[in-house]
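To start, the structure under review is shown below, and the notes come after it.
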Amino acid sequence: MTEQTTHESGRVLDPQRALAFLAQASAVLARSLDYERTLAEVAQLAVPEFSDWCAVDVVQPDGSLRQISSGHPDPRLEKLLMELRRRYREEKGRTEGAMSVIATGRAELRPDVKDAPRIQIPREEEDLYDELAPRSYMIVPLTARGRTIGALTFLSTIEGRHYGEADLDFAQHLARRFGLAVDNARLYQEAQNARDRLSFMARASELLSASLELDETLQQVAMLAVSSLADWCAIELRDDDGTLRNAAIAHVDPERVRMAAALRERYPIDEDDPSGVPNVIRTGRSELYPEIADELLVRGARDEEHLLLLRSVGLKSVLIVPLTARGRTLGAITLVSAESGRQYGVEDLRFAEELAHRAAVAVDNSRLYSREHNAAVTLQQSLLPRQLPEVPGVEFAARYLPATSELDVGGDWYDAIQLSDGSVGVAIGDVVGHGVEAAAVMGQFRNALRAYVLDGRGPDAAVERLNRLTRTFDQNDMATLVYVVLDTATGGFRFVRAGHPPPLIRDIQGNVEQLNGQGALPVGVAPNVRYPATSMKLEPGSTLLLYTDGLVERRGEPLEDGIAKLERVLADAPEPLEELCDHVLSALAAEDERDDDIALLAVRPIELQAERFHTTLRADPTELSRLRRLLMRWLRLTQATAQEIYDITIAAGEACANAIEHAYGARTARFDVEGAVKDGFLCLSVRDYGSWRAPRGEHRGRGLQLIEALMEDVEIVRGDRGTEVRMRRRLSALEGP
Amino acid sequence: MNPLARLTLETRDEIQVAHITGEVDIANASTLESEISDTVANTAFGLVVDLTETDYFDSAGIRMLFQLRKRLTGRRQNLRVVVPRDSVIITALLVTEVDQIIPIDETVDESLTALTDGDRPPG
């Protein structure tokens with residue numbers, strides 16, 4: 001079992017006592033699943049019956065050793081023991097001692113310390129060493145579930161108490177039980193930690209998404225950190241000019257926040273410091289100081305007073321993690337354990353890094369969305385159409401999502417232009433390059449194309465002109481684009497595709513098709529390129545989807561795969577155009593990290609006849625404004641006057657609001673609005689599929705009152721499957737003489 | 001997404017004036033209501049809700065006006081509403097007899113004059 005010869009000695013525990021001791025030990029260990037307590041109890045259990053001093057070494061997830069001792073009644077001797085162990089580890093760790101036992105899994109028995117390999121004891125410690133008077137020791141592996149998780153050291157300092165083989169057997173038996181208890185406590189704690197962490201992260205995410213007020217958000221994060229992770233927490237940010245700024249500081253004890261803040265203020269962080277916050281921000285790598293030795297403070301202190309302050313904080317363990325988002329380090333979070341005595345390990349580090357990453361994304365977002373910090377997004381958005389034109393017979397929906405990193409923003413555009421012959425031009429494009437410059441160039445492209453098509457040029461001629469114009473630009477500006485001219489009366493369209501991903505068409509059956517047409521080079525690449533147009537037809541109800549590559553391009557994935565995925569997503573997208581866009585984006589656009597802008601433009605010819613109107617809406621208040629626009633557009637086709645249009649729209653809006661407010665709970669529910677012109681009357685019907693409830697409250701009845709006042713005949717039909725409000729109004733223009 | 005309505009607030013002669021540009025319906029009425037009532041100082045003489053630039057105003061908007069009036073009356077402050085006679089939204093206000101309870105003026109100046117001339121809150 002061991003390589004040592006058995007020493008001539010009696011057993012320290014007789015078999016009878018040993019059994020009783022084991023039973024007692026098991027009972028003690030079974031009481032607690034608390035990891036720290038279990039470790040402390042393991043260290044204490046063998047003292048004094050079996051040993052005069054005992055140490056438990058447990059391997060931490062990061063490979064370091066966690067040591068807990070039973071403690072020596074004499075603090076000077078305890079200190080000496082720990083110091084000896086440290087030196088022993090350094091000098092002979094590889095061949096002897098706890099480190100070696102853990103590495104090999106083989107126990108070590110030293111019946112007589114005199115025979116054991118010794119380390120140099122400095123003269124000034126010799127007296128103390130003699131006072132300790134070690135006699136014999138043994139070190140056994142702590143095992144659980146087939147793994148060595150640490151080691152147990154038993155030391156005897158009583159004259160004549162020497163360990164032998166029988167004691168070693170017993171110690172190993174003991175170590176197996178202890179090992180299991182320690183491991184169970186560890187597993188339990190891990191599970192507990194995982195739960196705590198999940199709820200902590202959930203809370204952190206909630207905080208971080210609640211506000212875009214940067215410092216306020218960070219202060220909340222710091223407070224959250226001190227609630228469970230640290231005794232104090234400081235957050236430093238690197239401002240745009242490169243200077244470090246303390247953005248938040250928190251302490252478990254609110255009284256001490258002032259002290260912590262004063263320390264930061266009095267001794268601001270030295271930006272050239274080769275370690276600590278500046279280094280973490282420079283390198284983007286975390287720093288973990290499991291134990292803060294006094295000498296570290298001495299080294300770090302700038303003067304006597306600083307040292308005094310640092311010591312008074314009572315630093316135990318420190319963790320500094322970078323605030324990194326989208327490849328840039330924006331600052332650092334410092335977590336300090338002091339009063340709690342908590343020692344940070346690798347797991348805490350990972351956890352803190354995750355928290356920091358989330359916080360960093362929030363910081364970045366808040367910078368991204370604050371105007372003064374993001375010229376490109378502002379410029380870009382100001383150059384995109386504020387509103388798409390109201391074109392009878394065509395529905396539009398558009399989306400623009402800037403890249404999440406400031407540097408990647410800019411260059412995508414979409415446009416819809418009503419042309420004088422009743423057709424409509426739609427364009428989508430992407431300027432090569434990023435940032436403010438690309439956004440500005442995009443503005444030039446968009447306006448130039450507008451000018452050419454408003455001049456009456458067809459798609460081929462317009463894009464050819466655009467190409468020639470681009471060749472006169474200063475730099476090598478280039479853009480990919482698709483330009484489509486749609487005849488709203490027939491659904492016929494002609495389009496040019498210049499180096500751009502193919503648009504997609506979804507027909508009313510849900511079949512999706514790529515529009516490759518006769519592709520050509522991007523504009524700005526070569527002079528005298530021809531941009532041939534391809535003719536196609538778009539049936540009423542079909543959807544034409546134009547998009548930029550940000551939607552379909554994934555690093556390390558062929559573009560075709562991205563387009564194929566978009567085709568599948570489009571096939572399943574809901575019918576209403578706005579919802580269709582949202583569906584496509586939520587399926588394909590990453591929420592927090594986008595390398596590129598995404599622009600999306602959906603176009604759908606609708607059969608719009610003066611005689612009939614029909615639309616299906618979601619039971620959601622935000623749908624009302626869309627309904628009003630659709631309805632007003634149709635009403636304008638009838639011969640209704642402006643006041644009639646408005647009154648009818650109000651009446652319809654009230655009926656719809658009623659459907660939304662009273663007939664439904666779920667916002668996924670839908671309702672239909674139908675209209676027709678019949679016998680000089682304009683007839684409207686709003687039909688829902690929920691259960692009718694009478695209007696409640698003193699003001700709620702006003703909607704119905706409005707409907708009745710504005711329309712001539714109102715009828716509410718309540719059926720098993722829902723409610724229909726039918727109403728009509730005579731149009732003055734259709735009245736007979 | 002463009003918001004349905006834009007709210008511009010100004011104080012004139014210790015009277016809060018709230019200009020609503022755009023549309024008011026159930027999607028935004030209660031938000032507007034709290035935004036407006038939060039800005040009316042206790043010391044303000046009254047409130048003018050200016051609907052000159054409002055294109056759509058339905059029962060949700062009317063409800064908003066009554067709620068505002070209720071809160072103001074509690075503080076002995078007056079409410080007046082501005083709607084030009086040729087505005088399309090006037091019909092809805094008249095058929096629901098809003099004007100019987102909340103005075104409607106043609107211009108903001110008319111409202112301001114009426115308020116400073118000190119008509120007392122009803123009741």
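The ellipsoid that matches the Cα gyration tensor of segment A:434-505 has semi-axes, each √(5λ) in whole angstrom, of 24, 14, 11, with the longest given first. Membrane-span-like helices of chain B, defined as complete DSSP H segments with a Cα extent of 20 Å or more along the helix axis and a mean Kyte hydropathy of at least -0.5, are identified as B:59-74. When the charge dipole of segment A:15-190 is built from unit charges on Cβ atoms (+1 for Lys and Arg, -1 for Asp and Glu) and taken about the Cα centre, the candidate among A:Ala40, A:Ile68, A:Val182 whose Cα reaches farthest toward its positive end is A:Val182. The ranking of A:Phe170, B:Phe45, A:Phe445 from fewest to most other beta carbons within 10 Å of each one's beta carbon is B:Phe45, A:Phe170, A:Phe445.
Across all C-alpha atoms in chain A, the radius of gyration and Dmax reach 38.2, 132 Å. Between A:Arg76 and A:Asp240, the C-beta separation translates, for a Förster distance of 56 Å, into a calculated FRET efficiency of about 0.50. Angle of helix A:304-313 to the longest C-alpha principal axis of chain A, folded into 0 to 90 degrees and rounded to 10: 80°. Going by amide H atoms built from the backbone, whose H comes under 5 Å of the H on A:Met478, apart from near neighbours? When sequence neighbours closer than 5 places are left aside, the close amide H contacts are A:Val432.
Loop-located trypsin sites (Lys or Arg not before Pro) across segment A:121-150 with a Cβ neighbour count of 15 or fewer within 10 Å are A:Arg145, with loop assigned by DSSP.
Close amide H partners of A:Ser136, meaning residues 5 or more places away or on another chain with modelled amide H under 5 Å apart, are A:Val113, A:Ser156.
Working note: Debye formula, equal point scatterers on the alpha-carbon atoms of segment B:5-116, no solvent; log10 I(q)/I(0) at q = 0.23 Å⁻¹ is -1.44. Summing charges over neighbours of A:Tyr88, with a neighbour being any other residue whose Cβ is under 14 Å away from its Cβ, gives +1 when K and R count +1 and D and E count -1. Computed from the mean reciprocal separation of all distinct C-alpha pairs, what Kirkwood hydrodynamic radius does segment A:285-444 have, in Å? For segment A:285-444, inverting the mean 1/r across all distinct Cα pairs yields 20.0 Å. Ranked by how many other Cβ atoms sit within 10 Å of their own Cβ, fewest first, the residues A:Ser136, A:Ser420, A:Ser317, A:Ser340 fall in the order A:Ser420, A:Ser340, A:Ser317, A:Ser136. Taking Cα atoms, how many degrees apart are the long axis of helix A:559-572 and the longest axis of chain A, rounded to 10 and kept between 0 and 90? On a 0 to 90 degree scale, this one is about 70. Panel order for A:Phe351, A:Phe495, by other beta carbons found within 10 Å of each beta carbon, from fewest to most: A:Phe351, A:Phe495. Every Cα-Cα pair of segment A:97-231 was included, and the share exceeding 21 Å stands at 62 percent.
Cα convex hull, segment A:557-611: 105 Å³ per residue, rounded to a whole number. Local charge for A:Ala451 was computed over the other residues whose Cβ lies under 15 Å away, with Lys and Arg +1 and Asp and Glu -1, and equals +2.
Computed from the Kirkwood radius of its Cα pairs, the Stokes-Einstein diffusion coefficient for segment A:383-605 at 20 °C and 1.002 mPa s stands at 124 µm²/s. Between A:Ile121 and A:Ala489, the modelled labels are 11.0 nm apart [label points 7 Å from Cα along Cα→Cβ]. For the modelled label position 7 Å from the Cα of A:Asp169 along Cα-to-Cβ, which residues of segment A:136-155 have backbone nitrogen atoms closer than 18 Å? Flagged as within label range: A:138-141. Once the other residues with Cβ under 13 Å from the Cβ of A:Gln120 are scored (Lys, Arg +1; Asp, Glu -1), what is the net sum? So the surrounding residues net to -2. If you model segment A:211-372 as an ellipsoid using its alpha carbon gyration tensor, with each semi-axis the square root of five times an eigenvalue, the axes come out at 24, 17, 16 Å, biggest first. Seen from all directions on average, segment A:612-734 presents a Cα convex hull projection of 7.0 nm².
Annotation: Cα Rg of segment A:15-190 relative to the compact-globule expectation 2.2 N^0.38 Å equals 0.99. Between amide H atoms placed 1.01 Å from N, distances below 5 Å from A:Tyr689 occur with A:Thr723, all of them 5 or more places distant or on a separate chain. Shown here for segment A:532-601: GluC sites (Glu not before Pro) in loop regions (DSSP other than H, G, I, E, B) with at most 15 other Cβ atoms within 10 Å, namely A:Glu591, A:Glu593.
Return the inverse of the average 1/r over all pairs of distinct C-alpha atoms in segment A:504-577, which is the Kirkwood hydrodynamic radius, in Å to one decimal.
Details: mean 1/r = 0.0700 Å⁻¹.
One decimal place: 14.3 Å for the Kirkwood radius.
Look at the dipole of segment A:211-372 built from charges on Cβ: of A:Tyr267, A:Ile281, A:Ser317, the Cα furthest out on the positive end belongs to A:Ile281.
Here segment A:428-548 has an Rg and Dmax of 14.7, 48 Å, counting Cα atoms alone. Principal-axis analysis of the Cα atoms of chain A puts helix A:75-92 at an angle of about 80° to the longest axis.
None of the figures in this text is laboratory data; all of them are computed from the coordinates on show. Predicted model, so just to flag it, every value in this text is computed and none were measured. Note that we place each Cβ from the backbone using ideal geometry, even for glycine, and neighbour counts take in every protein chain shown.
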